[in-house]
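Colleague: Sending over a structure as structure tokens; questions will come in a sec.
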Amino acid sequence: MPRIDVSAADVGWMTVTVRVYNPEALPHAEEQRALAMATDVLAPADISLRWAHCHDARAHDPRCGEPMAAGEISLRLVRGLVPPGYAGTLALGEALVEPRRRAGRLATVHVDRVSWLARAAESDAATLLGRAIAHELVHLIAGSGTHGSYGLMRPIWSSRDVAEDRAADWRLSRPDASMLRASLARQAATLAAR
């Protein structure tokens, strides 16, 4: 369960703490642009992301040296090669979700795969990376590996989708946003009851 600011839950705005691990997968400035995009993507669902940087000595968060608190989630940005000339589809990331508990703790986004798709679409890699991060975090926060039929949570993003950059393709659908808010409210109630 994500760490939630319970007082914010009372007014409808919730903050989720995300520990970020980027062992030199991409430059700091590009990471910051991607995280800002992920924040912007989830803001319309009344979700604020608090980033705890656990890899950068300049911005290292003190919580990173402690065991994960109940409800915190983690994001790993990793590199992995895309075979030269590859033209199929590749997963841009994964979210580890425990279906019975409806909770997730770790999302991984493959920076090289995102860059590969952005190049194929002649698009901005940091923007696409932020969208991929938001997609995987939704899986963790919602505690579900299911995909939507349209919008940010659709299962396949084609180079054509990325190149056309239609706004509706990169936002949470209303059903997905409602499900996400309900999941966070349920988690906030569980944490408040402890």
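Colleague: Per-residue ellipticity at 222 nm for the chain, helices alone: DSSP H runs ≥ 4 residues times -39500 (n - 2.57), over residue total, nearest 500 deg cm²/dmol?
Modeller: So the helix-based figure for the chain works out to -12500 deg cm²/dmol.
Colleague: Ok, one more. Taking the dipole about the Cα centre of the chain, with the C-beta of Lys and Arg at +1 and of Asp and Glu at -1, give me whichever of 82, 65, 187 is farthest to the positive side.
Modeller: It is 187.
Colleague: Over the C-alpha atoms of segment 118-194, what are the Rg and the largest Cα-to-Cα span, Dmax, in Å?
Modeller: 14.5, 49
Colleague: How far, in nm, would the chain grow between residue 70 and residue 168 when pulled straight, counting 0.36 nm per residue and subtracting the alpha carbon separation?
Modeller: 31.9 nm
Colleague: Compute, for the chain, the length of the dipole vector about the Cα centre, with Cβ point charges of +1 (Lys, Arg) and -1 (Asp, Glu) only. Units Debye, rounded to 20.
Modeller: Around 580 debye, computed over the chain.
Colleague: Would you work out the relative contact order for the chain, in percent, from Cα pairs under 8 angstrom that are 6 or more residues apart?
Modeller: About 24 percent, as a whole number.
Colleague: Going by how many other beta carbons lie within 10 Å of each one, how would you line up 15, 190, fewest first?
Modeller: Placing the least packed residue first, the sequence is 190, 15.
Colleague: Next question. Short version: ³J(HN,Hα) in whole Hz for each residue of segment 153-164, in order, from phi by Karplus 6.51 cos²θ - 1.76 cosθ + 1.60 (θ = phi - 60°), x for Gly and Pro, what are they?
Modeller: 8, 5, x, 10, 10, 8, 5, 5, 4, 5, 5, 6
Laboratory data are not the source of any read-out in this text; all were calculated from the coordinates shown. None of the values given here were measured: they were computed from a predicted structure. Note that each Cβ is placed from the backbone with ideal geometry, even for glycine, and that neighbours are counted across all protein chains shown.
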